[in-house]
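Okay, structure first, notes after.
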Amino acid sequence: MTTAQKLITIAVCALGTMLTRFLPFLLFPAGRSTPRFIRYLGHALPAAVFGMLLVYCLKDVNLAAGSHGLPELIAILAVVGLHKWRGQMLLSVAGGTVVYMLLVQLVFV
């Protein structure tokens, strides 16, 4: 890349980052109420993300071979348990990932 191309790339990345950071504040200022559809998305999307993540993680599990899906099942139970205990999505996903990685690296080798 030439120097000009590098500068253009950096400028486009900076503009894209600034746009995604500032746009919600421009579209939904503090004085106005948030539209009903946006509030619905804020309520529905976390569960949808969990569902998509579950489908993606389990799409290649073969119950008839290998560990028969036990590491995946244990990790799912860890995610559910952590989420019931603390109610924090990031902790639940991170904890389930750690449990799964420990299981497949150390237990179900």
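Annotation note: of Ala48, Ala78, the sole residue that is modelled with pLDDT of 90 or more, within 29 Å of Met101 (Cβ to Cβ), in a helix (DSSP H, G or I) and in contact with a helix residue (DSSP H, G or I) (Cβ under 8 Å, 6 or more places away or on another chain) is Ala78. Selection of the stretch 1-60 for residues being among the hydrophobic types (A, V, I, L, M, F, W, C), over 24 Å from the mean Cα position of the chain (by Cα) and loosely packed, with under 10 Cβ neighbours inside 10 Å yields Met1, Ala4, Leu26, Ala30. Within the stretch 61-75, the residues that satisfy the criterion of being in a helix (DSSP H, G or I) and either closer than 20 Å to Pro46 by Cβ or open to solvent by less than 50 Å² (accessible area, probe 1.4 Å) (or both) are Pro71, Glu72, Ala75. In this structure, Ala4 does satisfy being modelled with pLDDT of 95 or more and part of a helix (DSSP H, G or I). Residue pairs whose Cβ atoms lie under 8 Å apart, sitting 6 or more positions apart in sequence or on different chains, and linking a residue in the stretch 80-108 that is farther than 24 Å from Ala44 by Cβ and surrounded by 14 or more Cβ atoms within 10 Å (Cβ to Cβ) to a partner that is β-branched (Val, Ile, Thr) and modelled with pLDDT of 95 or more, are Val99/Ile74; Tyr100/Ile74; Leu103/Ile74.
The values are calculated or read from the model by the stated rules, or taken from the named source; none is laboratory data. In this text, all values refer to a predicted model and were calculated from it rather than measured experimentally. Ideal geometry is used to build each Cβ from the backbone, glycine not excepted, and the neighbour counts take in all protein chains shown. The protein model used for the area step is the full one, side chains on, heavy atoms only, and it has no ligands, DNA or RNA in it. Shrake-Rupley method; radii C 1.70, N 1.55, O 1.52, S 1.80 Å.
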